[in-house]
Amino acid sequence: MTDISKAGTFQLGDRIVKRIGYGAMQLAGPGVFGPPKDHDQAIAVLQAVVAAGVDHIDTSDYYGPYVTNRLIKEALHPYPADLAIVTKLGAVRGDDASWNPAMSPDDLKRGVEGNLVNLGIEQVFAANLRVMGDGHGPSEGSIAKEFAVLADLQRQGLIKHLGMSNATATQIREAQDIAPVVSVQNLYNVAHREDDALIDSLAEQGVAYVPFFPLGGFSPLQSDTLSRVAASIGATPMQTALAWLLRRSPNILLIPGTSSLAHLEQNLAVAEIELDDTAMAELNAIGNAVPV
Ligand SMILES: NC(=O)c1ccc[n+]([C@@H]2O[C@H](COP(=O)([O-])OP(=O)(O)OC[C@H]3O[C@@H](n4cnc5c(N)ncnc54)[C@H](OP(=O)(O)O)[C@@H]3O)[C@@H](O)[C@H]2O)c1
């Protein structure tokens with residue numbers, strides 16, 4: 001079994017977590033809606049995640065909705081003391097599987113309560129305010145009122161740490177003026193590098209950066225350069241994309257999503273991969289070449 005601690009650790013709130021974590025979104029049904037295709041396999045994946053030493057799982061009550069949190073509870077409760085389960089607040093799903101903003105004070109409070117019940121916990125370890133913006137990428141606009149509501153729920157003891165997701169640098173600074181932000185979760189991978197400067201700035205502040213879609217999400221990464229470098233080091237393109245993230249900045253925490261035990265094993269094995277400077281330079285050029 002891979003020793004994932006070889007990939008190192010980083011501070012996440014009051015914990016030091018391993019840099020290889022797991023994203024639970026892929027465990028819900030197609031379109032992140034409804035139950036998993038294979039319930040037993042989903043449970044087996046979650047148990048394998050923790051058995052491998054992963055101590056950071058990303059989830060949300062709106063995956064399914066409620067599906068991934070309930071699977072996590074079924075598979076892992078009572079939780080290992082060192083397991084950091086991070087959730088997101090700010091959206092709900094429509095009956096038609098749509099993703100809708102839910103950012104009013106009542107929505108956010110209900111969101112926390114739903115996570116507590118479905119995960120079977122008394123306090124959420126960390127909750128990201130998932131800024132819905134235009135629904136796709138980050139877009140500017142004040143999030144002060146919404147983040148203040150989360151800060152209040154934190155003071156009430158329902159949430160331990162706060163983070164931001166799908167957020168601009170300005171929104172993150174706005175949030176930091178209200179309460180400490182322990183992590184930022186935005187779209188970033190070897191081909192989508194809009195957050196390069198933000199990552200460096202957060203690294204200087206000791207704030208974790210947790211890229212979503214590290215493998216391209218619903219549009220898996222495809223690049224001749226990625227495939228060529230992968231072949232040269234005897235890894236798969238997806239492993240190479242994760243290894244690039246690990247080397248990109250020490251504050252990057254990985255949460256690749258998979259519903260497959262075989263893919264999980266490959267993703268954990270990335271802890272053993274060290275990219276040299278030549279490979280990094282080649283991979284860096286992918287982001288420069290791809291229009292974003
Ligand atoms: N904050 C946000 O707005 C936001 C948005 C999206 C996601 N997230 C979080 O970020 C996590 C990661 O993102 P993601 O799961 O959407 O996308 P991802 O990790 O970029 O990619 C997942 C896709 O890659 C496949 N895959 C995983 N490992 C693989 C491997 N070793 N080889 C080949 N294919 C592989 C998966 O299919 P298989 O299941 O077949 O392996 C799935 O189709 C999510 O699970 C979720 O927790 C957050």
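Odds and ends about this structure:
- Of all DSSP beta bridges in the chain, antiparallel share, percent nearest 5: 25
- When you restrict to C-alpha pairs under 8 Å that are six or more residues apart and normalise by the size of the range 1-132, the relative contact order lands at 21 percent.
- Pairs of Cα atoms nearer than 8 Å and 6+ residues apart set the relative contact order; for the range 149-292 it is 22 percent.
- Whether the range 159-292 is rounded, prolate or oblate, judged on the alpha carbon gyration tensor where a/c under 1.5 counts as rounded: prolate
- HN-Hα J in Hz across the range 211-217 - Karplus 6.51, -1.76, 1.60, θ = phi - 60°, x for Gly and Pro: x, 8, 6, x, 10, x, x
- Whole-angstrom gap from the range 74-92 to the range 1-70, using each part's C-alpha centre: 9
- Neighbour counts of C-beta atoms inside 10 Å place V32, V117, V184, V50 in the sequence V117, V50, V32, V184, starting with the fewest.
- Cleavage-rule hits, chymotrypsin sites (Phe, Trp or Tyr not before Pro), the range 48-84, DSSP coil, Cβ neighbours within 10 Å at most 13: none
- Residues whose placed amide H lies under 5 Å from that of D82, excluding near-sequence neighbours: none
- When the charge dipole of the chain is built from unit charges on Cβ atoms (+1 for Lys and Arg, -1 for Asp and Glu) and taken about the Cα centre, the candidate among V112, A148, F33 whose Cα reaches farthest toward its positive end is V112.
- For V92, nonlocal amide neighbours, meaning residues 5 or more places apart or on other chains whose placed amide H falls under 5 Å from its own, are N100, A102.
- Comparing A126, A191, F10 along the charge dipole axis of the chain, the residue lying farthest to the positive side is A126, per the Cβ-charge model.
- Computed about its Cα centre, the charge dipole of the chain is approximately 300 debye, with only Lys, Arg, Asp and Glu carrying charge at their Cβ.
- Given charges at Cβ of Lys, Arg, Asp, Glu: the range 136-255 dipole, positive-most of S232, A167, L215: S232
- Other residues with beta-carbon under 15 Å from the beta-carbon of A208 carry, at +1 per Lys or Arg and -1 per Asp or Glu, a net charge of 0.
- Here the extension length gained between S142 and S104 equals 12.3 nm, from 0.36 nm per residue of separation less the Cα-Cα distance.
- Convex hull per residue volume in Å³, alpha carbons only, for the chain: 122
- Cα gyration tensor shape of the range 55-199, rounded if a/c is under 1.5, else prolate or oblate by comparing a/b with b/c: rounded
- Dipole magnitude for the range 129-180: computed about the Cα centre from +1 point charges on Lys and Arg Cβ and -1 point charges on Asp and Glu Cβ, it is near 220 debye.
- Loop-located chymotrypsin sites (Phe, Trp or Tyr not before Pro) in the range 203-292 (DSSP state other than H, G, I, E, B) with a sparse environment of at most 12 neighbouring Cβ atoms within 10 Å: F218.
- The chain, relative contact order [Cα under 8 Å, separation at least 6], %: 20
Readers should treat all values here as calculations from the given coordinates under stated rules, not as data from a laboratory. Keep in mind it's a predicted model, so treat the numbers as computed, not measured. Cβ sites come from the backbone with ideal geometry, for glycine too, and all protein chains shown count toward neighbours.
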